[in-house]
Amino acid sequence: MNNLDQLREQQRQDWDKFSPGWKKWDRFLMDFFRPVGEKLIGVVDLRDGYRVLDASTGTGEPGLTAASKIPSGEVIGTDIAAEMVRVANENARERDITNYRAVACESERQPFDENYFNAVICRFGIMYFPDMKGGTKELVRVLKPGGKLSLSAWSEPEKNPWVTTMGGIVNRTLGIPPPSPEVPHVFRGAKPGILADILKECGLNDVQEVEVGGTVSFASPEQYWDFMMDIAPPIVKNLSKADEATRQNIRKEVLEAAGKYKTDGGITFNWASWIGYGTK
């Protein structure tokens with residue numbers, strides 16, 4: 001097994017393990033990520049009857065929302081984690097969305113013919129592709145000529161304190177260095193222009209990159225901690241390296257830091273993301 005295959009297998013295990021947490025927070029995450037999903041869907045000009053790929057579908061969004069907009073069309077979600085795929089299909093059944101289905105596959109090995117989809121969307125997946133350009137090329141391969149591809153990645157760390165408040169304290173306390181740009185991580189696509197450059201290198205035309213942001217609120221610092229422990233594999237894996245006393249000290253510091261974002265009724269963080277899109 002080569003290094004990329006080892007990385008894919010580790011990602012598969014990590015996201016499978018965290019699928020119950022994503023299911024638990026499904027409604028919260030749907031509201032949190034809604035502006036990104038709406039933009040991804042909006043820029044690909046969906047039409048009824050289209051066949052759409054939602055790559056890195058996770059528990060089903062924004063593919064399920066896209067499917068609800070094209071009742072005579074079809075949306076197929078793909079994800080590396082079989083348990084995420086199981087939850088996505090379960091969510092489709094619960095919401096009675098019959099024109100959506102999810103299948104497990106690797107980002108660089110989509111199980112479809114060339115020129116198969118009218119549109120492709122990918123929400124917060126590209127930064128975790130073992131090979132960002134290779135994975136994007138694969139999405140372009142399955143897109144029909146004239147079809148549109150949109151994808152998103154988180155913007156710079158300083159614009160996303162909902163990540164860095166906990167992640168920064170964990171990394172600093174445990175002496176974990178910043179990840180290499182070549183290694184999948186949450187801010188791998190954060191610098192302006194990264195998404196646009198990849199889309200251009202993969203042969204797309206009329207490429208645009210825009211920033212979409214908003215706020216996310218939690219009832220308390222404790223709820224924020226629970227949320228991150230349920231949905232953030234990299235942070236939780238790093239935290240697992242600490243002994244119990246260190247872990248409790250980290251938790252105390254995170255709760256204090258999160259408390260600085262106090263608003264009426266809870267705590268509120270800003271967030272920001274990049275949306276890149278273009279036409280084949």
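If the Cβ limit is 9 Å and pairs must be 6+ apart or interchain, which residue in the range 257-280 that is without any contact (Cβ under 8 Å) to a residue 12 or more places away in the chain pairs with which residue that is not aliphatic (A, V, I, L, M)?
Lys260/Thr165; Lys262/Pro221; Lys262/Thr268
Only one of Lys144, Lys133, Lys137 is more than 21 Å from Leu4 (Cα to Cα), in contact (Cβ under 8 Å) with a residue 24 or more places away in the chain and of a type in the set (D, E, K, R); which?
Lys144
Quick test of your reading of the structure: Thr164 fulfils all but one of (1) polar (S, T, N, Q); (2) in contact (Cβ under 8 Å) with a residue 24 or more places away in the chain; (3) surrounded by 14 or more Cβ atoms within 10 Å (Cβ to Cβ). Name the failing condition by number.
(2)
Is it the case that Gly77 is under 24 Å from Met228 (Cβ atoms) and crowded, with 24+ Cβ neighbours inside 10 Å?
No: the conditions fail for Gly77.
So in the range 106-148, with the set limited to residues that are assigned to a loop (DSSP other than H, G, I, E, B) and on the phi > 0 side of the Ramachandran plot, which one is surrounded by the fewest Cβ atoms within 10 Å (Cβ to Cβ)?
So, considering only residues that are assigned to a loop (DSSP other than H, G, I, E, B) and on the phi > 0 side of the Ramachandran plot, the one surrounded by the fewest Cβ atoms within 10 Å (Cβ to Cβ) is Asn115.
Identify the residue in the range 116-162 that is within 12 Å of the chain's Cα centre (by Cα) and aromatic (Phe, Trp, Tyr) and, among all such residues, is nearest to Asn270 (Cα to Cα).
Trp154
Per-residue answers, yes or no, for (1) out of contact with any Gly (no Cβ under 7 Å at 6 or more places or on another chain); (2) basic (Lys, Arg):
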site: Arg47; (1), (2): yes, yes
site: Thr65; (1), (2): no, no
site: Ala82; (1), (2): yes, no
site: Ile97; (1), (2): yes, no
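From the list Ala55, Ala102, which residue is among the small types (Gly, Ala, Ser) and either over 28 Å from Pro179 (Cβ atoms) or modelled with pLDDT under 95 (or both)?
Ala102
The values are calculated or read from the model by the stated rules, or taken from the named source; none is laboratory data. Keep in mind that what you see is a predicted model, and the values were worked out from it rather than measured. Here the Cβ is made from the backbone with ideal geometry for all residues, glycine too, and neighbour counts use every protein chain on show.
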